[in-house]
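Beneath this line is the structure, given in structure tokens, with notes to follow.
The values are calculated or read from the model by the stated rules, or taken from the named source; none is laboratory data. Model, not experiment: these values are computed from the prediction. As a convention, Cβ positions derive from the backbone with ideal geometry for all residues, glycine included, and neighbour counts pool all protein chains shown. Ligands, DNA and RNA are stripped out before the accessible areas are found, and what is left, the full protein with its side chains, is counted by its heavy atoms. Shrake-Rupley method; radii C 1.70, N 1.55, O 1.52, S 1.80 Å.
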Amino acid sequence: MSLTEFAGYSLLIFLVISFASSILFSRISIKYINKNMEKDGVDPPSWDKGIGASASFYIFAMFFERSRTPTPLFDGRFVAKYARPIDRVIGAIHSISVAATALCLCIVSYFSVG
């Protein structure tokens, strides 16, 4: 099995994992965190109208202290406060699978030219 074939099969696997973890993260974690943030009087990001664009902001706020500073677009202080261990696991799986999907896509596209 060549590197291109291995990367192609890995691309499919990581693509499915990233799709599934994206759905789980938005349905389970973001919904739970938003509900608890609203109890504290903090509104979820107004620019995210349910398409999941804020998922990466939530993941970064859970794992990186620097992403928790309030900005005009997003206030990540409460995300880390209300994130459960399952939210961190789903977020880590999502981040790793998205990065692996991008890497596999780069490998496949680089070596399949010709």
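At a glance:
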read-out: Candidates G41, G52, G91, ranked by Gaussian network fluctuation over the chain, Cα under 10 Å, top entry; value: G41
read-out: Accessible area in the full protein assembly, largest first, 1.4 Å probe, for D43, D75; value: D43, D75
read-out: Per residue Cα convex hull volume in Å³ - calculated over region 1-109; value: 109
read-out: Loop trypsin sites (Lys or Arg not before Pro), region 1-88, which have at most 12 other Cβ atoms in a 10 Å radius of their Cβ (DSSP); value: K49
read-out: In degrees, nearest ten, helix 3-24 long axis to first principal axis of the chain (Cα); value: 20
read-out: Estimated dipole of the chain in Debye, rounded to 20 [Cβ of Lys and Arg +1, of Asp and Glu -1, Cα centre]; value: 320
read-out: Accessible-area composition of region 9-73, carbon plus sulfur, in percent [1.4 Å probe]; value: 64
